[in-house]
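**Student:** Below is a structure I'd like to ask you about.
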Amino acid sequence: MPKLQALIFDVDGTLADTERDGHRIAFNRTFAEAGLDWDWSVEMYGDLLQVTGGKERMQFYLDKYRPDWQRPTNLKSVIADLHANKTNHYTQLLAEGTIPLRQGVKRLIEEAREQGVRISIATTTTPANVTALLENALAPGSSSWFEVIAAGDIVPAKKPAPDIYFYAIDQMGLTAQDCIAFEDSYNGLRSSLQAGIKTIITPNDYTHDHDFSGATVVLDHMGEAGQPFTVLAGQVGFTTYLDLELVRHLHNQ
Ligand code: XBP
Ligand code: MG
């Protein structure tokens, strides 16, 4: 296995728990503002998450839960407008600073920067959402730390398709073997593995029962010194939190 050159991070669920109290709330505010009787409960949203991408998720909601709802002829553009408004609500929520990064994320990113390991993003969410999370929860100006921010509609086929990872590694001029990915969900893992990239999983409340077969390791979170992770699948030896040394070791396996 070649030397590790880059870490590629998923965003939603991996860097931060953005879905339940971020995206979901932003969707519901948008629906209410538009006078729609759509209201996504915490539980229903767990089911809707099987479809990645906000526009695609709205379409899935209508197909599965609202066959009765009278579709306008320009449904696609109605969904696109709702989605633009949802992005405004979501970025506003993040600006209020209500959503922190998950344990260990900031430490690992800073360690990578100190040691000259390249970092990029591969996500399904809209680019503005990535910037808002990084600038508000990581550090002002931190979007520029990431060499490539591969996001949203930049590729037509969203996760679980591998396209977003292929795009990121191609833009970095690297191969899949040079990189390791960080994901939290089944769809994310399918995407990174189909691109041939080893993957570390840190699940969350919405994804803890997903099938993570093929992952290099599954940890409940990245951990910190004094706040050890629990290994849910795979082997890590004696370390208790995910630092670059452990990431290199896992990449070499
Ligand atoms: C997250 C997603 C996104 C967000 C909503 O994927 O599936 O759809 O829930 O974002 P990932 P948009 O974990 O790969 O980041 O509404 O901007 O699509
Ligand atoms: Mg995710």
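**Student:** For the peptides 138-145, 185-192, what is the packing order when you average, over each peptide's residues, the other Cβ atoms within 10 Å and list the highest mean first?
**Tutor:** Working: 138-145: 13.6, 185-192: 24.9.
Packing proxy ranking, top to bottom: 185-192, 138-145.
**Student:** Okay, next question. Rounded to whole Å and sorted largest first, list the principal axis extents of the Cα atoms in the chain.
**Tutor:** For the chain, the Cα extents along the three principal axes come out at 56, 34, 33 Å.
**Student:** Explain nothing, just the number: dipole magnitude of the range 19-95 about its Cα centre with +1 on each Lys and Arg Cβ and -1 on each Asp and Glu Cβ, in debye rounded to the nearest 20.
**Tutor:** Details: 10 positive and 11 negative charges, 43 e Å.
In debye, rounded to 20, the range 19-95 gives about 200.
**Student:** State whether the range 79-189 is rounded, prolate or oblate according to the following rule on the C-alpha gyration tensor (a ≥ b ≥ c being the square roots of its eigenvalues): a/c under 1.5 gives rounded; otherwise a/b larger than b/c gives prolate, and the remaining case gives oblate. Display every interim value, and only then the final one.
**Tutor:** Details: a/c = 1.89, a/b = 1.14, b/c = 1.66.
Because a/c hits 1.5 or more and a/b fails to exceed b/c, the range 79-189 counts as oblate.
**Student:** Residues with beta-carbon under 12 Å from that of His249, excluding His249: net charge, scoring Lys, Arg +1 and Asp, Glu -1?
**Tutor:** Local charge sum for His249: 0.
**Student:** Compute the long axis of helix 54-65 from its Cα atoms, compare it with the longest principal axis of the Cα atoms of the chain, and write down the angle in degrees, 0 to 90, nearest 10.
**Tutor:** 60
**Student:** Quick check for me: using +1 on Lys/Arg Cβ and -1 on Asp/Glu Cβ, what's the dipole size of the chain about its Cα centre, in debye to the nearest 20?
**Tutor:** Values: 21 positive and 33 negative charges, 94 e Å.
Result for the chain is approximately 460 debye, rounded to the nearest 20.
**Student:** Here's another thing I want to ask about it. Kirkwood Rh over alpha-carbon pairs of the range 3-44, then Stokes-Einstein at 10 °C and 1.306 mPa s: what D in µm² s⁻¹, rounded to an integer? If you can, show how the numbers build up before the last one.
**Tutor:** Numbers: Rh = 12.3 Å.
Translational D for this selection: 129 µm²/s.
**Student:** Computed over the Cα atoms of the range 148-253, what is the ratio Rg over Rh, Rh following Kirkwood?
**Tutor:** On the way: Rg = 13.9 Å, Rh = 14.3 Å.
Taking Rh as the inverse mean 1/r over Cα pairs, Rg/Rh reads 0.98.
**Student:** Pairs of Cα atoms under 8 Å, at least six residues apart: use those to get the relative contact order of the range 108-181, whole percent.
**Tutor:** Numbers: 76 pairs, mean separation 22.4, N = 74.
Here the relative contact order equals 30 percent.
**Student:** Moving to a separate point now. Once neighbouring chains are kept in place and the probe is 1.4 Å, which whole percent of the accessible area of the chain is contributed by carbon and sulfur? Don't skip to the answer; put the middle values down first.
**Tutor:** Details: 5550 of 11150 Å².
The nonpolar share, carbon plus sulfur, comes to 50 percent.
**Student:** Another question about this same structure. Which order, highest average first, do 210-218, 226-234, 51-59 follow once you tally other Cβ atoms within 10 Å for each residue and take the mean per peptide? Intermediate results must be reported in sequence, preceding the final value.
**Tutor:** Details: 210-218: 17.8, 226-234: 13.6, 51-59: 19.4.
Ranking, from highest mean packing down: 51-59, 210-218, 226-234.
**Student:** Could you state the angle between the C-alpha long axis of helix 75-95 and the longest principal axis of the C-alpha atoms of the chain, as a value from 0 to 90 degrees rounded to the nearest 10?
**Tutor:** Taking Cα atoms only, the helix is inclined about 50 degrees.
**Student:** Past the 21 angstrom mark, what percentage of all C-alpha to C-alpha distances in the range 1-109 do you count?
**Tutor:** The answer is 42 percent, as a whole percent.
**Student:** Return one quarter of the surface area of the convex hull spanned by the alpha-carbon atoms of the range 54-139, equal to its mean projected area, in nm². Intermediate results must be reported in sequence, preceding the final value.
**Tutor:** Numbers: hull surface 29.2 nm².
Over all viewing directions, the range 54-139 projects a mean Cα-hull area of 7.3 nm².
**Student:** So with the 1.4 Å probe, I'd like the accessible area per residue for the chain, rounded to whole Å².
**Tutor:** Numbers: 11150 Å² over 253 residues.
So the chain comes to 44 Å² accessible per residue, rounded to a whole number.
**Student:** Please list, by residue number, everything in the range 181-198 whose backbone N is under 15 Å from a paramagnetic label point 7 Å out along Cα→Cβ of His208.
**Tutor:** 185
**Student:** Sticking with this one: Dipole of the chain (Lys/Arg Cβ +1, Asp/Glu Cβ -1, origin at the Cα centre): which of Gly104, Gly226, Ile200 lies farthest to the positive side?
**Tutor:** Selected residue: Ile200.
**Student:** Now, a different point. Over the chain, what is the mean sequence separation of C-alpha contacts under 8 Å (at least six apart), divided by residue count, expressed as relative contact order in percent?
**Tutor:** Numbers: 421 pairs, mean separation 56.5, N = 253.
Relative contact order here is 22 percent.
The values are calculated or read from the model by the stated rules, or taken from the named source; none is laboratory data. Model, not experiment: these values are computed from the prediction. Note that we place each Cβ from the backbone using ideal geometry, even for glycine, and neighbour counts take in every protein chain shown. Each accessible area value is taken on the protein alone, full model and side chains, heavy atoms only, with ligands, DNA and RNA left out. Shrake-Rupley method; radii C 1.70, N 1.55, O 1.52, S 1.80 Å.
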